[in-house]
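Read the structure below first, then the notes.
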Amino acid sequence: MRNLSDHIHDLVENSVDAGASTIWLTLELFPVGLLHGKIEDDGKGIPEELIAQVKHPSYTTRTTRKLGLGLALMEQNSQNCGGELRLESKLNGGTTLDFTWNLNHVDCLPLGDLDRIFFFLTATRDDLKFVFSIKFDGSVINWDTNEIKETVYPLSFGNQEIRTAVSSMLRSDIKAFKSYWNSIITIDELK
């Protein structure tokens, strides 16, 4: 994982694999350079006895590979930049992943291509509802894929004009977030 956006994509895919029908993602940037993130889902959840194990790189339920690096790397990268990762889950009751990152820590990963990840999740998963909320500098950006799909109906994301318009709106919204992200970083090498 080279950046936060890669982590988010990987962790959302975990929720998809867990049978979630709705996934909520919240990112909140604070002026002191602190990022708080939360990914919640209504998937099948994790049995209590497995919660500690799922953060270990050798644990996976996938049959296509023998390693489950997503949570382990996210926890490591959170700790590397002075933050933390917390995982709560109930069997048949969904999962919540909370994380914090200190953006001014020399080991903090960059943001990455968040608008591309959001667009991919919006445009390719008709069977799922994604709700994104980004809070920064007094602004709140909310995206609800079901609302977007209702707005463009009867057209769909198969329509190139719709794809272009949604991609452009996402890029514009995320541009302001990226700009604020960069403005609160005080270590020049991280900008």
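Values quoted throughout were computed directly from the atomic coordinates according to the rules given, and no laboratory measurement underlies them. Here the structure is a predicted model, which means the values were calculated and not measured. Here the Cβ positions follow ideal geometry from the backbone for every residue, glycine too, while neighbour counts run over all protein chains shown.
A few comments on the model shown:
- D_trans [Stokes-Einstein, Kirkwood Rh over alpha-carbon pairs] for region 106-191, 37 °C, 0.692 mPa s, µm² s⁻¹: 230 µm²/s
- Distance histogram in 5 Å bins (all Cα pairs of the chain, percent per bin): 1, 7, 16, 19, 19, 16, 11, 8, 2, 0
- Each other residue within a Cβ distance under 9 Å of residue 119 adds +1 if Lys or Arg and -1 if Asp or Glu, for a net charge of +2.
- Take every Cα pair under 8 Å whose residues are at least 6 apart in sequence, average their separation, divide by the length of the chain, and the relative contact order is 24 percent.
- Charge dipole of region 142-188 about the Cα centre (unit charges at C-beta), most positive-ward option of 177, 156, 187: 187
- Net charge over other residues, Cβ less than 12 angstrom from the Cβ of residue 4 (K, R count +1; D, E count -1): -1
- In this rough spin-label picture, where each label sits 7 Å from Cα along the Cβ direction, the residue 169-residue 79 distance is 4.1 nm.
- Highest average first, the peptides 136-149, 25-38 ordered by how many other beta carbon atoms sit within 10 Å of their residues are 25-38, 136-149.
- Theoretical ellipticity at 222 nm over the chain - DSSP helices of four or more residues, -39500 (n - 2.57) apiece, nearest 500: -12000 deg cm²/dmol
- Assuming charge only on the beta carbon of Lys and Arg (+1) and of Asp and Glu (-1), the dipole of the chain about its Cα centre is about 340 debye to the nearest 20.
- For region 97-160, relative contact order (Cα pairs under 8 Å, six or more residues apart, normalised by length) works out to 19 percent.
- Checking the Cα-Cα distances for 90/129; 44/129; 44/175 against a 23 Å cut-off, the pairs over it are 44/175.
- At R0 = 35 Å, FRET efficiency that the Cβ-Cβ distance of residue 160 and residue 28 yields, to 0.05: 0.55
- Length gained when the stretch residue 36-residue 129 is fully extended (0.36 nm per residue, less Cα-Cα span): 31.3 nm
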